[in-house]
Amino acid sequence: MGRTLTVIIALGALLLIVFSQVTFVVAETNQAIVLQLGEYRYTARDPGLYFKLPFVQEAVFFDRRLLSSDAEPQEYLTLDKKRVIVDHVTRWRIVDPIKFFVSVQNENGARARLDDVVFSELRRTLATYDFDVIIADERENIMGIVTVASSERALDFGIEVIDVRFKRADLPEEVEDSVFDRMRAERAREANRYRAEGEEQGAEIMASADRERIVIVAEAEETAAQIRGEGDAEAIAIYADALNQDPEFFAFRRRLEAYVKVLQEGDMIVLSPESEFFKYLVDPSPQRDVGTAPPVLSPALEEDE
């Protein structure tokens with residue numbers, strides 16, 4: 001019984017070995033080519049189980065997914081003779097396994113050959129553009145041109161280039177400072193120009209405002225003088241009318257206003273009986289004999305004395 005079990009196990013192992021030699025499995029992420037004594041026989045692209053001759057044929061597998069190549073940054077010369085450092089990444093995939101195997105054999109060899117192709121196309125394309133447009137307006141266009149040209153050349157290796165993307169496009173470090181200084185100087189000149197134009201416009205606006213202010217003030221003063229003159233004329237007319245109605249009362253009122261302006265508290269007054277200005281401070285009776293009768297002071301002045 002033990003010997004029979006051993007034989008069964010040995011036969012099973014032998015069958016597994018034979019099965020592994022006559023079959024191979026292609027996964028969804030892979031593709032394979034079958035070689036017989038080093039010569040190409042067929043390509044297995046679809047996932048599934050395939051058969052081959054044992055010990056004579058072998059299956060070589062390749063990735064069918066999207067692959068990438070991140071090359072080292074390289075220095076290029078632009079149309080305006082400026083040096084630019086471009087760091088790019090290439091996305092690609094294997095579309096012809098046998099051609100890929102014959103030309104580059106594996107992914108490492110493919111990346112080396114593909115980087116050379118992309119470097120060459122970048123050097124040729126960037127030499128037709130100025131530095132300013134490379135880092136700004138034409139970057140997408142340049143990447144598209146390089147992608148198409150690289151893909152055409154990479155087909156010889158069984159590779160399809162999906163796209164070439166720029167990760168960075170800058171000046172070399174030794175010239176960045178001088179370029180930035182020049183850019184700062186240009187921006188400063190532009191800022192000064194805008195500032196001068198603004199100051200000029202501001203001066204014009206201020207001058208115009210000053211002229212308008214002078215005109216408005218002059219017109220206002222003229223209107224005020226006119227209104228003041230009309231008021232004075234009306235006041236004079238009112239005073240004249242009042243004077244015509246009662247000249248004595250008007251004279252009395254005007255004399256009181258003069259007293260308020262002339263006399264201050266604590267003043268000592270020496271009166272002459274013949275004083276016209278102070279006639280209202282004494283008895284203003286017209287029957288009084290000014291030459292013989294002494295002046296009669298008002299009660300307020302008597303208290304002060």
So which of Ile94, Ile98, Ile134 is farther than 16 Å from Ala71 by Cα, open to solvent by less than 20 Å² (accessible area, probe 1.4 Å) and modelled with pLDDT of 90 or more?
-> Ile94
Within the bounds of segment 107-117, is there any residue that is in contact with a helix residue (DSSP H, G or I) (Cβ under 8 Å, 6 or more places away or on another chain), in contact (Cβ under 8 Å) with a residue 24 or more places away in the chain and outside any helix (DSSP H, G or I)?
-> no
Could you tell me which numbered condition Glu152 fails, if it satisfies all but one of (1) touching a residue at least 24 places away in the same chain (Cβ under 8 Å); (2) open to solvent by 80 Å² or more (accessible area, probe 1.4 Å); (3) within 43 Å of the chain's Cα centre (by Cα)?
-> (1)
Out of curiosity, is Leu243 assigned to a helix (DSSP H, G or I) and either in contact with a helix residue (DSSP H, G or I) (Cβ under 9 Å, 6 or more places away or on another chain) or at pLDDT below 85 (or both)?
-> yes
Mind checking which residues of segment 54-91 are of a type in the set (S, T, N, Q), surrounded by 15 or more Cβ atoms within 10 Å (Cβ to Cβ) and over 34 Å from the mean Cα position of the chain (by Cα)?
-> Gln57, Ser69
Going by the conditions given, is Arg123 assigned to a helix (DSSP H, G or I), at pLDDT 90 or above and in contact with a Leu (Cβ under 9 Å, 6 or more places away or on another chain)?
-> yes
Among the residues of segment 176-183, is any assigned to a helix (DSSP H, G or I), loosely packed, with under 10 Cβ neighbours inside 10 Å and free of Cβ contacts under 8 Å to residues at least 60 places away in the same chain?
-> no
Please work out if Ile33 is closer than 22 Å to Arg165 by Cβ, out of contact with any His (no Cβ under 7 Å at 6 or more places or on another chain) and buried (at least 16 other Cβ atoms within 10 Å of the Cβ).
-> no
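The values are calculated or read from the model by the stated rules, or taken from the named source; none is laboratory data. As the structure is a prediction and not an experimental result, all values here were calculated from the model. When we count neighbours, we look across all protein chains shown, and the Cβ atoms used for this are built from the backbone with ideal geometry, even at glycine. The accessibility values were calculated without ligands, DNA or RNA, using every heavy atom of the protein model including side chains. Shrake-Rupley method; radii C 1.70, N 1.55, O 1.52, S 1.80 Å.
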